[in-house]
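In what follows, a single structure is set out as structure tokens and then discussed.
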Amino acid sequence: MPDLFSLRREYSMGALSFDDLDRNPVHQFQKWFEQICMSGMPDPTSMIFSSCGRDMRPSARILLLKEFSDEGFSFFSHYQSRKGSQIQENPYGSMLFAWHFLERQVRIEGKIEKQSEKKSDQYFENRPVTSRIGAWTSPQSQEIPSRAFLEEREKEFTRQFKPDAIPRPPGWGGYILRPDRFEFWQGRESRLHDRFEYRLEGGKWKIVRLAP
Ligand SMILES: Cc1cc2nc3c(=O)[nH]c(=O)nc-3n(C[C@H](O)[C@H](O)[C@H](O)COP(=O)(O)O)c2cc1C
């Protein structure tokens with residue numbers, strides 16, 4: 001077992017200054033996103049999504065980002081899952097992209113809405129057959145008796161649907177987070193990291209530097 005107290009390293013791969021930043025945070029995200037995709041880091045679209053229901057207890061899990069634009073940042077999931085219930089109770093959430101390969105993190109916060117049925121259908125139709133069957137098979141976040149329960153359901157739904165006619169389950173679809181806050185973090189030497197926050201104020205993005 002390593003000594004956790006002494007596990008640490010310096011961050012020195014880059015720097016971020018006000019002049020480097022695009023005034024539009026989505027464009028800034030795109031710039032960094034393209035760089036992390038080129039870096040060879042696995043799963044560059046994975047992010048930690050946090051939500052908090054009316055019990056005021058935040059919870060976090062990894063999800064895959066499926067689309068982003070000035071409109072917002074999208075992911076797909078089960079509406080009856082734990083996150084689904086939390087979003088229904090409190091439609092605010094946060095996404096954290098931990099881009100270790102470039103010593104960076106990006107935080108995005110905002111209000112969440114369900115995607116349109118059309119958008120959810122479009123994405124669902126794009127998924128491989130096994131994932132489409134999987135969406136029917138798994139009552140996500142519900143307690144289940146065994147693995148065999150899942151395997152039986154998988155067989156059942158595979159029998160029930162033709163591979164080219166698997167409908168989207170009504171309880172499965174997209175969400176879009178409409179950001180009102182971004183933070184771009186670049187690791188620096190001696191823990192004097194660069195942090196810039198974009199805040200949406202009166203329809204305009206205000207950019208401020210934060211202490212690390
Ligand atoms: C790399 C990775 C990617 C994942 N992507 C998704 C995803 O896009 N959508 C999803 O619903 N769950 C995804 N999961 C599973 C979630 O982390 C989580 O277990 C699930 O959504 C249930 O969360 P909940 O009970 O908090 O609702 C992913 C897990 C990992 C490790």
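Each reported figure results from applying straightforward, stated rules to the coordinates on display, with no laboratory input. Keep in mind that what you see is a predicted model, and the values were worked out from it rather than measured. Glycine gets a Cβ as well: all are built from the backbone with ideal geometry, and neighbour counts include every protein chain shown.
How many of the residues in region 43-58 are more than 15 Å from R82 (Cβ to Cβ) and in contact with a helix residue (DSSP H, G or I) (Cβ under 9 Å, 6 or more places away or on another chain)?
2
Report whether or not Q105 is surrounded by 15 or more Cβ atoms within 10 Å (Cβ to Cβ), over 30 Å from Q160 (Cα atoms), under 17 Å from the mean Cα position of the chain (by Cα) and near the ligand (Cβ under 10 Å from one of its atoms). Steps first, answer last, please.
Values: surrounded by 15 or more Cβ atoms within 10 Å (Cβ to Cβ): yes; over 30 Å from Q160 (Cα atoms): yes; under 17 Å from the mean Cα position of the chain (by Cα): yes; near the ligand (Cβ under 10 Å from one of its atoms): no.
No.
Does F97 count as under 16 Å from the mean Cα position of the chain (by Cα), of a type in the set (F, W, Y), within 16 Å of the ligand (Cβ to nearest atom) and over 30 Å from E156 (Cβ atoms)?
Judged against the criteria, F97 is a match.
Could you please let me know if F73 is within 10 Å of the ligand (Cβ to nearest atom), touching a Leu at 6+ places or on another chain (Cβ under 6 Å) and at negative phi? Working first, answer last.
Working: within 10 Å of the ligand (Cβ to nearest atom): no; touching a Leu at 6+ places or on another chain (Cβ under 6 Å): yes; at negative phi: yes.
Criteria not met by F73.
Looking only at region 108-142, which residues are within 14 Å of the ligand (Cβ to nearest atom) and of a type in the set (G, A, S)?
Result: S120, S131, G134, A135, S138, S141.
Does Y198 satisfy being under 23 Å from T45 (Cβ atoms) and either assigned to a strand (DSSP E or B) or over 24 Å from the mean Cα position of the chain (by Cα) (or both)? If you could, list the steps in order and put the result at the bottom.
Working: under 23 Å from T45 (Cβ atoms): yes; either assigned to a strand (DSSP E or B) or over 24 Å from the mean Cα position of the chain (by Cα) (or both): yes.
Spelling it out, Y198 is indeed under 23 Å from T45 (Cβ atoms) and either assigned to a strand (DSSP E or B) or over 24 Å from the mean Cα position of the chain (by Cα) (or both).
Whether any residue in region 149-170 is in contact with a Gly (Cβ under 7 Å, 6 or more places away or on another chain), touching a residue at least 40 places away in the same chain (Cβ under 8 Å) and of a type in the set (K, R) is what I want to check.
No, that holds for no residue.
Identify, please: which residue in region 108-129 is charged (D, E, K, R) and in a helix (DSSP H, G or I) and is, among those, farthest from S51 (Cα to Cα)? Reasoning before the result, please.
Initially, region 108-129 is screened for residues charged (D, E, K, R), giving 109, 111, 113-114, 117-119, 121, 125, 127.
Still in the list and also in a helix (DSSP H, G or I): 117-119, 121, 125.
Working: E117: 22, K118: 25, K119: 22, D121: 24, E125: 27 Å.
Going through the qualifying residues, I end up with E125.
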